[in-house]
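Colleague: Could you have a look at this structure, given as structure tokens, before my questions?
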Amino acid sequence: MGFLVVATDPHHSDFSEELKEFATIGAEFRTAQCKTEDDVAKACRDADGILVTFSPIGHRALSAMRRCRIVVRTGVGYDTIDVPAATERRVMVANVPDYCISEVADHAVALMLCLRRKVAELDAQVRSQGWTGMLSPVLRLEGQVLGIIGLGRIGRAVATRTWGFGLRRIAYDPYVPADVFSTLGVESVGLDVLARFADIITLHTPLTSETRGLMRKEIFRQMKPNAILINTSRGGVVATDDLVQALQEGWISGAGLDVFEAEPLDGDHPLRHLPRVLLTPHAAWYSVDSEHELRRRSAHIVVQALQGQVPASLLNPEVLDR
């Protein structure tokens, strides 16, 4: 039998990039729209390789797979995949950790600028009231403090992009060596210090047991009343109810959010109705270029694994010992 690759829940309909890669090994390619682990188990029972967007890949789904060698998350975060369970089943797990660095960094900076310059408010004012001047005070960006939580690839790209704005840049990341901070000209601080001093906080950390709910009531209470929060990382890093309270009670002044604890965002969610909140639909990753790159590279990782190679982005290298 030839190889079978299944995409559990693709959000696009043009599969030319994937088909081109899979043709090199004569693999059959199928798509599904899996919402649950049971859906995944049924669709992927005979799959040799799996491409997953957001479908849950846990122990139950993995146990039903007879031939699977690799699961590839078509993106950066992989919190919907039970990596230890995959290792137990001798299944490699990989992601594409560096395909949209520019796009996400650009999006984070765009949200910062739109909030700080009150672009959305001014646009709404011109459309509804005409040429009536400023609605509320705008503070000079130069000299403000930017706090970056997570100084990985995207956090570093944000640090580089914001240098020219004259911001003082501080960051919290206990896993990054000191020389990275010094090279970027960014000051290393603790989370509490960052919360107290930053005028803008931007999140660029993965969602783990350590970071889930990292931005919570205790942190919001320490922030400046004029501070804004930017999140283009993972929705679960922010305790949403606490953020809503912080905005409603004026603990902070605004937020720019591309990701949410539950997606899509409910139609009647309080965040939709709060002023000085910018919302985008988990779109920071997107450009025409990044989408094509993601599709091609995800498929190529599957091809590598099915040919007996070890992907460079393997998330569970311990599986090789099994």
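Colleague: In this structure, is ARG153 in contact with a Leu (Cβ under 8 Å, 6 or more places away or on another chain), in the same structural domain as GLU261 (by TED's automatic domain parsing), charged (D, E, K, R) and in contact (Cβ under 8 Å) with a residue 40 or more places away in the chain?
Modeller: Taking the combined requirement at face value, the residue does not satisfy it.
This table checks each residue for (1) over 20 Å from the mean Cα position of the chain (by Cα); (2) buried (at least 19 other Cβ atoms within 10 Å of the Cβ).
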| site | (1), (2) |
| --- | --- |
| PRO264 | no, no |
| GLY267 | yes, no |
| THR280 | no, no |
| ALA284 | no, yes |
| ASP289 | no, no |
| LEU294 | no, yes |
| VAL302 | yes, yes |
| ARG322 | yes, no |
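Colleague: If you scan segment 57-89, which residues turn out to be assigned to a loop (DSSP other than H, G, I, E, B), farther than 17 Å from SER313 by Cβ and of a type in the set (Gly, Ala, Ser)?
Modeller: GLY58, ALA64
Colleague: Does at least one position in segment 110-129 carry a residue that is more than 30 Å from VAL302 (Cα to Cα), touching a residue at least 12 places away in the same chain (Cβ under 8 Å) and hydroxyl-bearing (Ser, Thr, Tyr)?
Modeller: Scanning segment 110-129 turns up no residue that is more than 30 Å from VAL302 (Cα to Cα), touching a residue at least 12 places away in the same chain (Cβ under 8 Å) and hydroxyl-bearing (Ser, Thr, Tyr).
Colleague: Just to check your reading of the model, which residue among ILE219, ILE201, ILE252 is in the same structural domain as CYS114 (by TED's automatic domain parsing), assigned to a strand (DSSP E or B) and crowded, with 20+ Cβ neighbours inside 10 Å?
Modeller: None of the other options fit; the residue is ILE201.
Colleague: I would also like to ask the following. If you go through segment 222-249 one residue at a time, how many are β-branched (Val, Ile, Thr), in a helix (DSSP H, G or I) and in contact with a helix residue (DSSP H, G or I) (Cβ under 9 Å, 6 or more places away or on another chain)?
Modeller: 2
Colleague: So VAL189 passes all but one of these: (1) closer than 20 Å to ARG116 by Cα; (2) modelled with pLDDT of 95 or more; (3) surrounded by 11 or more Cβ atoms within 10 Å (Cβ to Cβ). Which condition number does it fail?
Modeller: (1)
Colleague: If you check ARG90, ARG67, ARG73, which single one turns out to be more than 30 Å from ARG161 (Cβ to Cβ) and either touching a strand residue (DSSP E or B) at 6+ places or on another chain (Cβ under 9 Å) or of a type in the set (Ser, Thr, Tyr) (or both)?
Modeller: One residue alone meets the criteria, ARG67.
Residues are listed down the side, and each one gets a yes or a no for (1) modelled with pLDDT under 90; (2) among the aromatic types (Phe, Trp, Tyr):
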position	(1), (2)
ALA120	no, no
TRP131	yes, yes
MET134	yes, no
GLY143	no, no
LEU146	no, no
GLY150	no, no
GLY155	no, no
TRP163	no, yes
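Colleague: Filter segment 1-14 for residues that are within 16 Å of VAL303 (Cα to Cα) and in contact (Cβ under 8 Å) with a residue 40 or more places away in the chain and give the result.
Modeller: PHE3, LEU4, VAL5, VAL6, ALA7 - these are the residues of segment 1-14 that are within 16 Å of VAL303 (Cα to Cα) and in contact (Cβ under 8 Å) with a residue 40 or more places away in the chain.
Residue-wise test of (1) touching a residue at least 24 places away in the same chain (Cβ under 8 Å); (2) in contact with a helix residue (DSSP H, G or I) (Cβ under 9 Å, 6 or more places away or on another chain); (3) crowded, with 19+ Cβ neighbours inside 10 Å; (4) polar (S, T, N, Q).
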{"site": "THR36", "(1), (2), (3), (4)": "no, yes, no, yes"}
{"site": "CYS44", "(1), (2), (3), (4)": "yes, yes, yes, no"}
{"site": "ILE50", "(1), (2), (3), (4)": "yes, yes, yes, no"}
{"site": "ALA61", "(1), (2), (3), (4)": "yes, yes, yes, no"}
{"site": "ARG69", "(1), (2), (3), (4)": "yes, yes, no, no"}
{"site": "ARG90", "(1), (2), (3), (4)": "yes, yes, no, no"}
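The values are calculated or read from the model by the stated rules, or taken from the named source; none is laboratory data. This structure is a prediction, so every number in the text was calculated from the model and none was measured. Virtual Cβ from ideal backbone geometry, glycine too; neighbours counted across all protein chains shown.
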